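Below is one structure, written out as structure tokens; the observations come after it.
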Amino acid sequence: MFVLAIDTSNTTLSVALVENNEILIEVVEATKNDHSKRLMPTIEALFKKVNRTPKELDLIAVAEGPGSYTGVRIGVTVAKTLAWTLNKPLVGVSSLEILARNIKEDAYIIPLFDARRQTVFAGVYEGASSNVVISDGHYELQGLLDNLSKSEKKMYFLGNDVARYWDLIESVLGDKVIKVEDENLNMPHASVLANLALEKTPVDNVHHFTPKYHRLPEAEMNWMLEQKNKGL
């Protein structure tokens, strides 16, 4: 199975060509939000370097969100266009699940992306089994941490946005949380996406496939923050 995997859902640009679980070539780069300029040239360069063509693909996989609105949309649009043009199956995979697979330990793995206003896109996964403990969603960070504080499991928070919230995370969870210092583990890898895609069912209709932004409606977010400020 020859797979092209694309993840532009956050500041990291990652593209990989994977065949039968072997990484033929992969790019993982922290960029300055210029995915729209870099994605297609990167894809073309990878095919050229391994002397293969897009027509040989068996599957196209893309990070479907959540994450940066623009970043998610760029990756999904390119993946849909390629899938339609080449008549190839398309699989969407959670951006959070991709990141969570970087650590496989008996612990809670919490991939986290900043969603502003003290809210985050996050999910909670069991590292050893990859089972979902808390589904991907848009959460008020304090509430999520309070919920996690009830568990005695050790926890790893993943993602480049964790640093800005680390003091709060550590103050709530104490020694149950383990800081991930390895930058490589805090970045999504398209090769992981490619292998995850093999566990998923391709979309029924490429045209109907849409990103999973998971963002709460503005009115609901305002209400939630208002209740927090009231101490409710």
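Would a scan of segment 42-51 turn up a residue that is modelled with pLDDT of 95 or more, in contact with a Pro (Cβ under 7 Å, 6 or more places away or on another chain) and hydroxyl-bearing (Ser, Thr, Tyr)?
First, the residues of segment 42-51 that are modelled with pLDDT of 95 or more: 42-51.
Add one more test, that the residue is in contact with a Pro (Cβ under 7 Å, 6 or more places away or on another chain), and what stays is 47.
Still in the list and also hydroxyl-bearing (Ser, Thr, Tyr): none.
Within segment 42-51 (the criterion being modelled with pLDDT of 95 or more, in contact with a Pro (Cβ under 7 Å, 6 or more places away or on another chain) and hydroxyl-bearing (Ser, Thr, Tyr)), the answer is no, since none of the residues qualifies.
Going through segment 101-135 one residue at a time, which ones are touching a helix residue (DSSP H, G or I) at 6+ places or on another chain (Cβ under 7 Å) and of a type in the set (D, E, K, R)?
Scanning segment 101-135 gives ARG101, ASP114, ARG117.
Just need a number here: residues in segment 19-35 that are over 18 Å from the mean Cα position of the chain (by Cα) and not charged (D, E, K, R).
So the count comes out to 5.
Mind checking which pairs have a first residue in segment 144-169 that is among the charged types (D, E, K, R) and exposed (fewer than 13 other Cβ atoms within 10 Å of the Cβ) and a second that is part of a strand (DSSP E or B) and modelled with pLDDT of 95 or more, Cβ under 7 Å, 6 or more apart or different chains?
Cβ pairs passing all conditions: ARG164/ASP114.
Could you check, for segment 110-122, whether at least one of its residues is closer than 16 Å to LYS153 by Cα, part of a strand (DSSP E or B) and at pLDDT 95 or above? Give the steps one after another, and end with the answer.
Within segment 110-122, the first condition is being closer than 16 Å to LYS153 by Cα, and the residues that meet it are 110-111.
Next cut, part of a strand (DSSP E or B) only: 110-111.
Those left that are additionally at pLDDT 95 or above: 110-111.
The answer is yes, given that some residue of segment 110-122 is closer than 16 Å to LYS153 by Cα, part of a strand (DSSP E or B) and at pLDDT 95 or above.
Does segment 65-77 contain any residue that is over 21 Å from the mean Cα position of the chain (by Cα), in contact (Cβ under 8 Å) with a residue 12 or more places away in the chain and assigned to a helix (DSSP H, G or I)?
No, that holds for no residue.
Confirm whether GLY92 is in contact with a helix residue (DSSP H, G or I) (Cβ under 9 Å, 6 or more places away or on another chain), in contact (Cβ under 8 Å) with a residue 60 or more places away in the chain and assigned to a strand (DSSP E or B).
So GLY92 passes the test.
Inspect segment 56-72 for any residue being surrounded by fewer than 20 Cβ atoms within 10 Å (Cβ to Cβ) and aliphatic (A, V, I, L, M) and give the result as yes or no.
no
Quick check: anything in segment 105-121 among the polar types (S, T, N, Q), within 28 Å of VAL206 (Cα to Cα), out of contact with any Ser or Thr (no Cβ under 9 Å at 6 or more places or on another chain) and in contact (Cβ under 8 Å) with a residue 24 or more places away in the chain?
No, there is no match, as no residue in segment 105-121 is among the polar types (S, T, N, Q), within 28 Å of VAL206 (Cα to Cα), out of contact with any Ser or Thr (no Cβ under 9 Å at 6 or more places or on another chain) and in contact (Cβ under 8 Å) with a residue 24 or more places away in the chain.
Given the conditions (1) within 28 Å of ILE134 (Cα to Cα); (2) assigned to a strand (DSSP E or B), and given that GLU105 satisfies all but one, which numbered condition is not satisfied?
That leaves (2) as the condition not met.
Would you mind stating whether ASN222 is part of a loop (DSSP other than H, G, I, E, B), among the polar types (S, T, N, Q) and at pLDDT below 95?
So ASN222 fails the test.
Just checking, which of LEU99, LEU112, LEU90 is buried (at least 16 other Cβ atoms within 10 Å of the Cβ) and more than 13 Å from the chain's Cα centre (by Cα)?
LEU90
The values are calculated or read from the model by the stated rules, or taken from the named source; none is laboratory data. Nothing here was measured: the structure is a model prediction, and the numbers come from that model. Quick reminder, even Gly has a Cβ in these numbers, built from the backbone with ideal geometry, and neighbours come from all protein chains shown.
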